[in-house]
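Below is one structure; the comments refer to it alone.
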Amino acid sequence: MVFGQVVVGPPGSGKTTYCNGMSQFLKLIGRKVAVINLDPANDALPYECAVNIEDLIKLSDVMSEHSLGPNGGLVYCMDYLEKNIDWLQSKLEPLTANDHYLLFDFPGQVELFFLHQNAKKVIKKLMKKMDLRLAAVHLVDAHLCSDPGKYISALLLSLSTMLHLELPHINVLSKIDLIENYGKLAFNLDFYTDVQDLSYLQYHLDQDSRSAKYRKLTKELCEVIEDFGIVNFTTLDIQDKESVGNLVKLIDKCNGYIFAGIEGSAVEFSKIAVGPLDWDYYRVAAVQEKYMKDDNDFDK
């Protein structure tokens with residue numbers, strides 16, 4: 001049984017940086033790690049790539065040969081990868097035979113995880129054929145929290161991705177150290193991580209004339225998100241080893257890595273699954289204290 005992560009998220013959310021930092025951290029704690037680049041548009045990889053989709057198909061070739069734009073070209077590449085899944089399987093078999101932990105770096109185009117099934121089919125086929133235990137790690141740029149409209153869009157994207165991929169799923173506010181670079185947050189960090197009572201955002205949306213026009217639509221969308229009740233976020237500063245370490249603990253529970261090789265009763269398993277309560281403190285209170293400015297600072 002082999003474990004790993006499917007790293008997804010919109011362009012600019014830090015997926016490649018995440019794969020680089022996460023692979024380095026996992027190696028430091030003694031795991032054998034392999035990063036698989038499935039983004040044919042990513043031609044400047046900072047990490048050592050175990051498998052690269054460009055060995056199978058290149059986006060530039062697809063765009064020139066079929067007169068497609070970047071988004072259409074990426075959809076074509078994913079479709080081509082699905083039809084040639086045996087190529088990817090043959091590349092992964094030596095890694096799985098040596099019990100490597102796998103990090104799949106996927107493209108950031110929303111269409112692949114929102115409108116099309118190709119990326120999902122690639123993941124499902126690999127999991128079925130190779131007995132993989134994967135968790136989806138969905139990265140969202142933390143600074144979107146400073147704009148209520150963009151934050152709601154990020155929530156919708158996160159919800160849609162969760163429903164589409166049908167994997168154990170963790171939503172991550174990445175670049176948490178830059179969270180207030182584009183403006184001060186209207187609420188404490190736990191409001192944005194726990195995603196509760198989005199009606200409080202309405203006042204701030206009404207201050208923007210563009211958002212006020214779509215007040216009824218925004219209200220309905222917020223109700224949809226709250227009715228599902230499955231979206232929340234954890235936080236990440238990829239340069240902070242404590243932040244990365246706490247996220248690894250959460251992912252290990254999510255994909256089952258923590259249970260690998262453990263023999264025990266159902267009670268013992270449930271104790272491990274619940275885990276320590278100090279994680280929630282780090283996820284919200286400690287992060288806010290570290291990265292967000294206190295109002296008292298402005299008063300002084």
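Expressed in nm to one decimal, what extension gain is obtained for the pair TYR200 and GLN24 from 0.36 nm per residue of sequence separation less their Cα-Cα distance?
Length difference between fully extended and current span is 59.4 nm.
Given C-alpha coordinates of the stretch 28-122, what is the ratio Rg to Rh with the Kirkwood estimate of Rh?
With Rh from the inverse mean 1/r over Cα pairs, Rg/Rh is 0.99.
If packing is taken as the average number of other Cβ atoms within 10 Å across a peptide's residues, how do 35-41, 76-82 rank, most packed first?
Put in order of decreasing packing, that is 35-41, 76-82.
Just to confirm a number: summing +1 for Lys and Arg and -1 for Asp and Glu over residues other than LYS219 whose beta-carbon lies under 13 angstrom from that of LYS219, what do you get?
Here the count lands on -3.
Can you give the local net charge around LEU157? Use residues other than it whose beta-carbon is closer than 15 angstrom to its beta-carbon, Lys and Arg +1, Asp and Glu -1.
Residues close to LEU157 contribute a combined charge of -1.
What spacing in nm lies between the two simple spin-label points modelled at ASN181 and ARG215, each 7 Å away from Cα in the Cβ direction?
Taking the simple label geometry, ASN181 and ARG215 are separated by 3.4 nm.
Averaged over all directions, how much area does the convex hull of the C-alpha atoms of the stretch 2-299 cover when projected, in nm²?
The directionally averaged projection comes out at 17.6 nm².
So how much slack lies between GLU289 and ASN232, counting 0.36 nm per residue of separation and subtracting their Cα-Cα distance, in nm?
This chain segment gains 18.5 nm when fully extended.
Return the subset of LYS219/LYS290; LYS58/LYS128; LYS58/LYS241; LYS150/LYS219 for which the Cα-Cα distance in this structure is over 24 Å, preserving the input order.
Distance filter (> 24 Å) returns LYS219/LYS290; LYS58/LYS128; LYS58/LYS241.
What FRET efficiency would be calculated for the residue pair LEU156, THR17, taking the C-beta separation as r and a Förster radius of 25 Å, to the nearest 0.05?
Here the calculated transfer efficiency is 0.55.
Quick note: the coordinates plus some simple rules give every number you see, no bench work behind them. Keep in mind the model is a prediction, meaning the values are calculated, not measured. Neighbour counts run over all protein chains shown; Cβ positions are idealised from the backbone, glycine included.
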